[in-house]
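Asks: Provided herewith is a single structure, encoded as structure tokens, for subsequent inquiry.
The values are calculated or read from the model by the stated rules, or taken from the named source; none is laboratory data. Keep in mind that this is a model prediction, so the values were computed, not measured. Every residue, glycine as well, gets a Cβ built from its backbone with ideal geometry; the counts of neighbours run over all protein chains shown.
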Amino acid sequence: MRRKIVAGNWKLNTTLQEGVKLALSLNELVGKGVPENVQVIVAPPFTHLTEVRKVIGNKTGLAAQNCSAQKSGAFTGEVSAEMIKSAGAGYVIVGHSERRNYFNESDLDLSSKVINAIESGLQPIFCCGEKLHEREKSIYTEVIKKQVHLGLFDLDAEHFKKVIIAYEPVWAIGTGKNATPEQAQEIHQYIRHLIEEQYNSDMADNTTILYGGSCKPSNAREIFSKDDVDGGLIGGASLSADDFYSIINSF
Ligand code: 13P
């Protein structure tokens, strides 16, 4: 059975103290139980990783929000996948649309980041998703295909097994306007079809594909009920332990 995941992307929010407090509150709730086969993950800012690791139980996963395309050396301000792993994380978000759009991360950069992450023992949570004008022009499947091909499909099958995918339509992120469950299902099924074409049907069946974009307690249940939706990558709502826990319990 495919693993379900609910991951909270805190983005550029919380001081270290606020982040630890949020992690403690979440840990208390998660301690009451989470649905079977659901992996909870939190992705705080880099500066919080080691402290958050100390307060979340070992059942909760820890992710960074980005990693360098470089391994080491004279790259001031960068944080490598290996450093993230050594801070106690098991996952890293790669290719979030905010990184693609505000920091001009190219498909080539993202492919290197994915490889570095996997070689360092991290599971990449690889994001893809179309912008509003691409949806309106009905070219969204081409956009997703290109992102997934260039970012992931150089991986051999053993490496690809480590990949988690998040479909995050840019027009739904932080806008309060979520994709409908049917729109999410259409793309998740399409991504699974791309994986089947590139690898095989087992790989397609076993890859966890998350939905992200204005996912909240009021819509998570309906979105997660779709066959090819295996959970969510949650932004704003993950900053409230109660809301995030309620989303976790939407399965
Ligand atoms: P929101 O849930 O705030 O729309 O953000 C989604 C997201 O970008 C998660 O990575």
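Asks: Residue check: is Ala81 within 30 Å of Phe251 (Cβ to Cβ), of a type in the set (Gly, Ala, Ser) and away from the ligand (no atom under 15 Å from the Cβ)?
Replies: Considered against the rule, which asks whether it is within 30 Å of Phe251 (Cβ to Cβ), of a type in the set (Gly, Ala, Ser) and away from the ligand (no atom under 15 Å from the Cβ), Ala81 comes out as yes.
Asks: Return the pairs, sorted by first residue and then second, in which the second residue is part of a strand (DSSP E or B) and at pLDDT 95 or above, the first residue lies in the range 1-26 and is of a type in the set (D, E, K, R), the beta carbons are less than 6 Å apart, and the residues are 6+ apart or on different chains.
Replies: From the range 1-26, the pairs are Arg3/Gln39; Lys4/Val38; Lys4/Gly231.
Asks: Could you tell me which residue of the range 162-190 is farthest from Lys216 (Cα to Cα), considering only residues that are out of contact with any Ser or Thr (no Cβ under 8 Å at 6 or more places or on another chain) and away from the ligand (no atom under 16 Å from the Cβ)?
Replies: Looking at residues that are out of contact with any Ser or Thr (no Cβ under 8 Å at 6 or more places or on another chain) and away from the ligand (no atom under 16 Å from the Cβ), I get Lys162.
Asks: Here's a follow-up. Residues of the range 45-93 being part of a helix (DSSP H, G or I) and of a type in the set (Val, Ile, Thr), which ones?
Replies: Result: Thr47, Thr50, Val52, Val55, Ile84.
Asks: Could I ask something else about it? Considering only residues that are among the β-branched types (Val, Ile, Thr) and either over 23 Å from Gly19 (Cβ atoms) or in contact with a Ser or Thr (Cβ under 8 Å, 6 or more places away or on another chain) (or both), which ones fall in the range 197-246?
Replies: Result: Thr207, Thr208, Ile209, Ile223, Val229.
Asks: Continuing with this model, one more query. Can you find a residue in the range 43-65 that is surrounded by fewer than 24 Cβ atoms within 10 Å (Cβ to Cβ), among the β-branched types (Val, Ile, Thr) and farther than 20 Å from Leu16 by Cβ?
Replies: No, because not a single residue in the range 43-65 is surrounded by fewer than 24 Cβ atoms within 10 Å (Cβ to Cβ), among the β-branched types (Val, Ile, Thr) and farther than 20 Å from Leu16 by Cβ.
Asks: Any residue in the range 198-213 that's free of Cβ contacts under 8 Å to residues at least 40 places away in the same chain: show its pairings with residues that are within 15 Å of the ligand (Cβ to nearest atom) at Cβ separation under 9 Å, as long as the two are six or more apart or on different chains.
Replies: From residues that are free of Cβ contacts under 8 Å to residues at least 40 places away in the same chain, there are no pairs.
Asks: While we're here: Which residues, counting only those in the range 82-104, are charged (D, E, K, R) and farther than 18 Å from Gly235 by Cβ?
Replies: Glu82, Lys85
Asks: So, one more: Give the range 191-242 a look and list any residue that's surrounded by fewer than 17 Cβ atoms within 10 Å (Cβ to Cβ) and hydroxyl-bearing (Ser, Thr, Tyr), or say none.
Replies: Ser201, Ser218, Ser225 - these are the residues of the range 191-242 that are surrounded by fewer than 17 Cβ atoms within 10 Å (Cβ to Cβ) and hydroxyl-bearing (Ser, Thr, Tyr).
Asks: Next question, about the same structure. Among the residues of the range 97-114, are any touching a residue at least 40 places away in the same chain (Cβ under 8 Å), under 30 Å from Gly57 (Cβ atoms) and among the aliphatic types (A, V, I, L, M)?
Replies: Within the range 97-114 (the criterion being touching a residue at least 40 places away in the same chain (Cβ under 8 Å), under 30 Å from Gly57 (Cβ atoms) and among the aliphatic types (A, V, I, L, M)), the answer is yes, since at least one residue qualifies.
Asks: Select from the range 155-164 the residues that are within 14 Å of Ala117 (Cα to Cα), of a type outside the set (D, E, K, R) and free of Cβ contacts under 8 Å to residues at least 60 places away in the same chain and list them in ascending order.
Replies: Leu155, His159, Phe160, Val163
Asks: Filter the range 203-227 for residues that are under 18 Å from Lys161 (Cβ atoms), touching an Asp or Glu at 6+ places or on another chain (Cβ under 9 Å), away from the ligand (no atom under 14 Å from the Cβ) and of a type outside the set (Val, Ile, Thr) and give the result.
Replies: Correct list: Met203, Ala204, Asp205.
Asks: Another question, then. Just to be sure I understand, how many residues within the range 127-159 are touching a Ser or Thr at 6+ places or on another chain (Cβ under 8 Å) and more than 16 Å from Tyr211 (Cα to Cα)?
Replies: 4
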